[in-house]
Structure formats: C-alpha cells, structure tokens
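Reading through the structure tokens given below for one structure.
The values are calculated or read from the model by the stated rules, or taken from the named source; none is laboratory data. Since we're looking at a predicted model, the values are computed, not measured. Positions of Cβ are backbone-derived with ideal geometry, glycine not excepted, and every protein chain shown enters the neighbour counts. The accessibility values were calculated without ligands, DNA or RNA, using every heavy atom of the protein model including side chains. Shrake-Rupley method; radii C 1.70, N 1.55, O 1.52, S 1.80 Å.
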Amino acid sequence: MTQDNNEILTQIFTLLEPFNTKGLELTADTSFTTDLELDSLAVMDFVAAIEDHFDITVPLNILPDLEKVGQVSAAVEKILKDQ
Amino acid sequence: MTTDLFEKFDTTLNHFRALPEGEGNPFTVSMEKILSPTEAIINGRKTILAGTNNYMGMTFNEDAVAAAQEALLTQGTGTTGSRVLNGTYHSHKKLEEELKKFYGTKHAMVFSTGYQANLGIISTLAGPKDYVLIDADSHASIYDGCAMGNATVIRFTHNDPENLDKRLTRVRRQDPDAGILVVVEGVYSMLGDQAPLKELAAVSKKHNAYILVDEAHSIGVFGKTGRGVAQAQGVEDQIDFIVGTFSKSVGTIGGYCVSNHPKFEVLRLVCRPYMFTASLPPSVVASATKALQIIASTNLREKLLDNSMRLNKGLADIGFNMGTTGESPIAAVIIDDIQTAIAFWGELIKEGVYVNLALPPATPNNYNLLRCSLSAAHSFEQIDLMLEKFKLVGERMGVLKQDLRRLQTA
C-alpha cells in the first residue's frame with residue numbers, strides 16, 4: 001500500500017482530533033507538547049491509534065524525535081514504505 | 001537559546017509552588033517517629049499509615065528485626081562492594097537459595113532495589129535486534145528498563161490480550177525470528193487490578209515470546225503460598241521470569257529475579273545494574289530472608305484482603321467514587337479535579353490519616369487518586385477510624401455522590 005504524505009497527514013489530523021481538546025487548527029507544524037499540551041502518556045495513546053489505523057508498528061524509541069505532527073506523518077510514510 | 005540547565009523544569013517547579021504550604025503539602029511530609037507498621041507521628045500528631053505498601057506489616061516483625069540486628073553486629077553496616085567484586089557474602093547466596101525455595105525455581109538473582117531489578121533484567125535480556133512489548137500502565141522502572149536497553153519497544157493496551165496478540169502478530173510479520181520479551185505486572189499498584197496472566201501468557205507463547213511478570217505488589221498477597229498472581233492463576237509454568245521487590249510485603253529494600261532458564265546465571269556477568277552497584281547490606285539481607293520464610297509459612301493474606309474489603313466497601317457506602325473493589329489491598333478514591341484532590345489529601349493528614357496522593361501522568365485514565373494501601377497489621381478499629389475521617393472530609397469538601405447530585409440539580 002502506498003500513500004503520499006498529504007493523504008497520511010490528513011488521516012493523522014483525523015486521528016489527532018480526540019486529543020485536540022483545545023480545538024486548535026491542526027497543521028504539520030503543530031507541536032504535541034507546546035501547542036496541544038499533551039503529556040507523554042497522551043502522546044503514546046495517540047501513537048497506538050496510529051499503529052492500529054495504519055496497521056504498522058511505531059516503536060516508542062522514536063517518540064523523542066517526533067515533536068510535530070509533520071514528523072509523525074513522515075515517520076508513518078517511511079514505515080509504510082519499508083514494510 | 002538558554003544556558004540555564006534548570007529552565008526545562010520550570011513547569012514542574014511552578015506546579016510544586018502552587019501546592020499549599022505547610023502540612024497540607026504532600027511532598028513535604030516526613031514521618032517524625034515510626035510507632036508501628038501502621039502508625040507514625042506526622043506533624044506532631046499520631047497518624048494512621050495507609051499508604052505504605054507494607055502489606056504484611058513485616059517492618060516490625062520481631063524475628064525479621066532480630067535477624068537484621070544480629071547481621072548488623074556480626075557482618076557490619078554495609079558490603080562496600082558490588083556482587084561481582086567484594087559484595088557477595090554468604091548471606092546473599094542464602095537469600096537467593098531462600099528465593100529459589102520460595103518460588104520453586106532453579107535460579108534467583110538479588111538486586112539492590114526492585115527498580116534496578118527491572119532496569120537490569122529488561123535492558124539486558126532484550127538486545128538491539130530484539131523487541132520488548134510492555135503493558136501501557138507499566139511502572140516507571142519498566143519504562144526506564146526499556147529506555148536503557150537497545151531493543152525496539154512497543155506498548156500494548158492495559159490488560160488486553162487481544163491487543164497484545166495484534167501487536168505481536170505485526171512484529172512477527174516483519175521479523176519472524178526476532179527475540180521478544182513481553183513485560184507485565186501481576187498487580188498494578190494504582191488501581192490494584194490483576195493481569196489476566198493466563199491469557200497474556202498464552203498469547204506470548206503463541207508468538208514464541210518470553211514473558212516476564214513483575215510481582216512487586218502481589219508477592220505475599222496472592223497465591224496459595226504468597227508467590228503472587230502467577231501462582232494464584234495457576235500459570236507459573238508458563239512464566240519465564242518473575243521480578244519482585246523486598247520493599248513492600250517483605251518490609252525492607254532490594255529486588256530480585258527468578259527463572260528456570262538454563263542460561264540464567266550468565267546475567268551476573270552481563271547485567272550492568274547488578275554489576276555496577278553496591279550489594280545489599282547484611283542486615284537487609286537477613287531481614288529479607290527471614291520475612292520470606294514467614295510469608296511462606298503464615299497466612300496473613302486473608303486478614304489483609306478482609307481489611308481491604310472493609311475499607312473499599314465502607315468508602316463506597318459513604319458515597320465515594322471508587323477505582324477499586326477490595327479484591328486487592330488497594331483502595332483508590334477518585335476525585336474529579338486535581339485541586340480538590342490535593343486539598344482533600346491535606347485535610348486527611350490534618351485528621352491523622354496518611355494516604356498517597358496519586359496524580360496524572362502517574363495514574364491510569366488521568367485519574368486523581370487518594371490511594372490507600374492496606375496492611376494485614378491494620379486493625380478493624382483503625383479502618384473504621386479511617387472511614388470516619390474520610391466521611392468527615394468528604395462531607396466538608398462536598399465530593400460525596402449525594403453532594404455532587406445536589407450540586408448538579410441546584
């Protein structure tokens with residue numbers, strides 16, 4: 001399955017909505033901690049939602065490098081390509 | 001760009017500064033005098049201790065104290081060395097023999113704390129090409145063991161064998177020959193809920209994964225001879241590694257791992273949190289050895305769970321929103337907002353009852369909890385007094401169910 005980055009980003013925005021309690025307008029530059037004010041557990045719950053939606057494995061080890069929504073989208077794209 | 005190394009802690013510092021000053025601040029409490037396993041002097045006041053995890057009340061057990069005293073006098077205050085250098089005394093080996101006897105396993109390895117046991121075993125067992133799958137509600141020591149190691153770490157939904165199965169299937173699809181370690185806890189400390197070990201072990205075995213169970217909060221408490229949840233659910237033969245601590249039911253400090261794996265002993269030569277720290281002092285080793293013998297030969301579990309049921313039922317009857325049912329030694333009251341939870345804790349300590357204030361992100365479901373841990377050493381009179389104080393503070397703060405209903409309809 002190949003999906004381009006825009007398509008993945010759109011799906012990630014949808015998955016992120018339940019965590020967007022402040023009702024911010026989501027962009028690739030939206031930060032999980034600074035903008036959405038998610039704690040580490042909320043970020044991990046969001047990652048679990050991504051794993052199940054795309055049927056992929058997202059290791060916790062890569063979380064420190066994923067500060068913005070766009071970075072998650074790029075990581076998902078790479079994982080989908082690699083599998 | 002800042003040069004201040006402490007700037008990143010500003011949010012935490014501001015939260016701490018917002019807490020009430022004086023005796024209502026849970027982070028400044030100190031026990032001025034310890035009277036017994038269940039009572040201390042705090043803020044000059046006799047206080048019931050109901051947040052100590054002292055499940056068996058072993059801290060003042062006469063035989064355990066006598067064993068520690070004798071070891072102190074005959075072997076000194078500390079070993080001043082690591083287990084792999086000068087830190088292995090005969091008594092350390094005797095304690096490991098006692099653990100093997102207690103669990104009926106071929107191997108046992110003692111660490112200086114329970115935290116280090118998880119840190120060491122998880123980070124050492126799972127190497128760069130391996131996978132660790134952990135329960136989402138895992139203790140910090142499990143998360144830290146994963147962070148210290150080089151394995152790929154995956155988190156599955158709390159106590160959900162189907163979710164574990166789904167994630168293990170994905171791992172096996174992309175890496176059919178990888179080494180996999182599944183890590184769960186027998187009892188989760190915040191809400192006292194037990195893992196469905198039978199199902200979790202079956203799923204792990206189906207995917208040819210090892211399974212490690214942390215029985216920190218279940219040793220002494222569950223199972224016919226107090227070995228924990230694996231024994232209680234009759235699945236010990238399915239579990240590859242059991243980790244535990246001496247700092248709860250055993251009443252002192254230290255950690256351990258037991259296993260039947262034929263190559264287990266090599267861990268003594270490759271596990272850094274075992275190799276590069278001083279071993280437990282002889283007095284601690286002696287009291288742990290004695291306490292294990294007492295736990296195996298007595299049944300304090302029934303009294304402990306009776307106590308827990310009484311407190312849980314009593315709190316629910318008063319009208320508290322409970323996160324627990326009394327089937328484990330934890331009683332957790334859920335308070336809706338964080339400020340009320342902090343204030344409630346402050347009022348309770350002023351009334352002479354010490355419990356744990358547990359707040360997100362350390363709690364499941366972002367709950368604000370007043371977490372009580374019961375002991376077999378608590379008397380029914382103490383529990384009834386706790387109930388009286390909880391009711392008093394609950395009514396004063398308007399957090400009982402009938403008060404909330406009244407507020408909603410007003």
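Rounded to the nearest 10 degrees, the inclination of helix A:40-54 to the longest alpha-carbon principal axis of chain A is 30 degrees. All distinct Cα pairs of chain A go into the 1/r average, and the inverse of that average, the Kirkwood radius, is 12.7 Å. With only Cα atoms counted, segment B:22-87 has Rg and Dmax values of 16.5, 46 Å.
Above 25 Å, the calculated P(r) of segment B:257-410 contains 48 percent of its Cα-Cα pairs.
Candidates B:Ala66, B:Asn312, B:Gly226 compared by Cα position along the dipole of chain B: farthest toward the positive end lies B:Gly226, with charges placed on Cβ. Can you give me the P(r) profile for segment B:208-254? Cα pairs, bins 10 angstrom wide beginning at 0, each as a whole percent. Whole-percent P(r) values from 0 Å outward: 29, 52, 18, 1. Legend: translational diffusion of segment B:67-224 by Stokes-Einstein, Rh = Kirkwood radius over C-alpha pairs, 4 °C, 1.567 mPa s; D = 75 µm²/s. Shape annotation for the protein assembly as shown: C-alpha extents along the principal axes are 70, 67, 50 Å, from largest to smallest.
Across peptide A:55-62, the mean count of Cβ atoms from other chains lying within 10 Å of each residue's own Cβ comes to 6.
Beta bridges assigned by DSSP with both partners in the protein assembly as shown are antiparallel in approximately 60 percent of cases. Can you give the log10 of the normalised intensity I(q)/I(0) at q = 0.12, 0.17, 0.24, 0.28 Å⁻¹, computed with Debye over equal Cα scatterers of segment B:314-369? Log10 I(q)/I(0), no solvent term: -0.27, -0.55, -1.08, -1.31. Sparsely packed loop sites in segment B:1-107 (the chymotrypsin sites (Phe, Trp or Tyr not before Pro) outside DSSP H, G, I, E and B with at most 14 other Cβ atoms within 10 Å) comprise B:Phe6. Under the convention that each Lys and Arg Cβ holds +1 and each Asp and Glu Cβ holds -1, the size of the dipole of segment B:216-292 around its Cα centre is about 200 debye. Shape analysis of segment B:277-356 places it in the oblate category; the axes a ≥ b ≥ c from the Cα gyration tensor give an a/c of at least 1.5, with a/b not above b/c. Taking all protein chains as they are arranged and a probe of 1.4 Å, the heavy atoms of B:Arg301 leave approximately 20 Å² accessible to solvent. Taking only the C-alpha atoms of segment B:251-315, Rg followed by Dmax gives 17.5, 51 Å. For segment B:1-65, GluC sites (Glu not before Pro) are listed when DSSP marks them as loop and at most 11 other Cβ atoms sit within 10 Å of their Cβ; the list is B:Glu21.
In debye, nearest 20, what is the charge dipole magnitude of segment B:70-137 about its Cα centre with +1 on Lys and Arg Cβ and -1 on Asp and Glu Cβ, if you could check?
On the way: 7 positive and 7 negative charges, 62 e Å.
The dipole magnitude comes to about 300 debye.
Compactness of chain B is given as radius of gyration and Dmax, 22.0, 70 Å, from Cα positions.
Here the dipole of the protein assembly as shown is about 1580 debye; that uses its Cα centre as origin and unit charges on the Cβ of Lys and Arg (positive) and Asp and Glu (negative). Which of B:Asn365, B:Asn159, B:Asn25 moves the most in a Gaussian network model of chain B with Cα springs under 10 Å? Checking each option, the largest mean-square fluctuation is seen for B:Asn365.
Both radii are taken from the alpha-carbon atoms of segment B:340-410; with Rh as the Kirkwood radius, Rg/Rh is 1.01.
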